[in-house]
Amino acid sequence: MTDTQTVAAECLGVKVPMTRFLHEKRIERIKAARYEGQEIEGSLHVVTPDDTVLEIGAGIGLVGAVIAHNAKPKAIHSFEANPELLDAINELYILNNLQDLISVNNQVLISAEDRPESLQFHIRTSYLGSSLLNPGNRPSNVVDVPTASFATVCDALEPTVLVMDIEGGELELLRHADLSCFRGVVLEFHPEAYGVEGMRECKTILTDAGFERVDEKSTRTVWTCVRPEG
């Protein structure tokens, strides 16, 4: 990236460089703070300068960058499965001088004990539809993405807030995850991937782990939740 990098939009103080992943409608949503707006609003409600954030599913990097710029946590460690997004994410971090606060890894975090060394990831025309899951065997470009242990990452990084948007993979991760290190979670559910019952299971796992939904910052498909103090 050079100093002449075209800025396509700005959202809550974060400049977004023009990349092939943006189009006019998405740019307008970013400018209006409606692109992943519920996740951003929930994260800014929860994250403080004392927190270390684990972000799973970085997308184009905007959500993590907005958190870094506005909430100023100790650090944000992002994980993104789609290798095609990495350059755009890092361009965004560098453009906003956030690279010392937030970093991204091209790995899939696995909470189950029987973790494979890699998993197939389905890249589609729109990065928003790319996923580990492929319901209906839709056409996709399949790549192998390395995995890492969720528990090992949490032990090493000691995160206190989890921000997660992984297009349906959240159910399997939550089923086996130890969430005890987190005081807050911001999570988008994807019932189109696992049905209403799967979404209910996700929510039950969170409440059973001691999290309470912040009603004013939550919707049916995006939850902001925290552990009660004390």
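Of the residues that make up segment 114-126, is at least one in contact (Cβ under 8 Å) with a residue 24 or more places away in the chain, within 20 Å of K15 (Cα to Cα) and not in a helix (DSSP H, G or I)? Checked against the condition, which is being in contact (Cβ under 8 Å) with a residue 24 or more places away in the chain, within 20 Å of K15 (Cα to Cα) and not in a helix (DSSP H, G or I), segment 114-126 yields no hits at all. Scanning segment 221-230 for residues that are within 22 Å of P159 (Cβ to Cβ) and either aromatic (F, W, Y) or in a loop (DSSP other than H, G, I, E, B) (or both) yields a total of 5. Of the residues making up segment 93-105, at least one is part of a helix (DSSP H, G or I), in contact with a strand residue (DSSP E or B) (Cβ under 7 Å, 6 or more places away or on another chain) and either at positive phi or of a type in the set (F, W, Y) (or both). Scan segment 205-220 for residues that are part of a loop (DSSP other than H, G, I, E, B) and open to solvent by 40 Å² or more (accessible area, probe 1.4 Å) and the total you get is 2.
Residues of segment 154-165 that are crowded, with 20+ Cβ neighbours inside 10 Å and farther than 11 Å from E55 by Cα: C154 alone. Pull out all pairs, ordered by first then second residue, where Cβ-Cβ is under 9 Å, the residues are six or more apart or on different chains, the first lies in segment 11-31 and is small (G, A, S), and the second is part of a loop (DSSP other than H, G, I, E, B). These pairs meet every condition: G13/N96. Candidates T6, T48: the one that is among the hydroxyl-bearing types (S, T, Y), out of contact with any strand residue (DSSP E or B) (no Cβ under 7 Å at 6 or more places or on another chain) and farther than 28 Å from P146 by Cα is T48.
Counting only residues that are part of a loop (DSSP other than H, G, I, E, B) and modelled with pLDDT of 95 or more, which one in segment 166-183 is most open to solvent (accessible area, probe 1.4 Å)?
Across segment 166-183, the extreme among qualifying residues is D178.
In the set (1) within 20 Å of the chain's Cα centre (by Cα); (2) polar (S, T, N, Q); (3) open to solvent by 30 Å² or more (accessible area, probe 1.4 Å), T224 fails one condition alone, (3).
When segment 184-202 is filtered for residues that are at pLDDT 95 or above, touching a Leu at 6+ places or on another chain (Cβ under 9 Å) and assigned to a helix (DSSP H, G or I), the ones remaining, listed by number, are G198, M199, E201, C202. Per the listing S78, S103, the residue uniquely within 19 Å of L44 (Cβ to Cβ), free of Cβ contacts under 8 Å to residues at least 40 places away in the same chain and either open to solvent by 10 Å² or more (accessible area, probe 1.4 Å) or in contact with a helix residue (DSSP H, G or I) (Cβ under 7 Å, 6 or more places away or on another chain) (or both) is S78.
The criterion of at least 1 residues that are buried (at least 21 other Cβ atoms within 10 Å of the Cβ) and in contact with a Lys or Arg (Cβ under 6 Å, 6 or more places away or on another chain) is met, among helices (runs of 4 or more DSSP H) falling completely within segment 1-75, by 37-46. For L12, all conditions in the list (1) at pLDDT 95 or above; (2) more than 27 Å from W223 (Cα to Cα) hold save one; what is the number of the exception? Result: L12 passes all but (2).
The values are calculated or read from the model by the stated rules, or taken from the named source; none is laboratory data. Because the structure is predicted, anything quoted here is derived from the model rather than measured. All Cβ positions, even for glycine, are placed from backbone atoms using ideal geometry, and neighbour counts span all protein chains on display. Quick note on the areas: whole protein, heavy atoms, side chains included, nothing else; ligands and nucleic acids left out. Shrake-Rupley method; radii C 1.70, N 1.55, O 1.52, S 1.80 Å.
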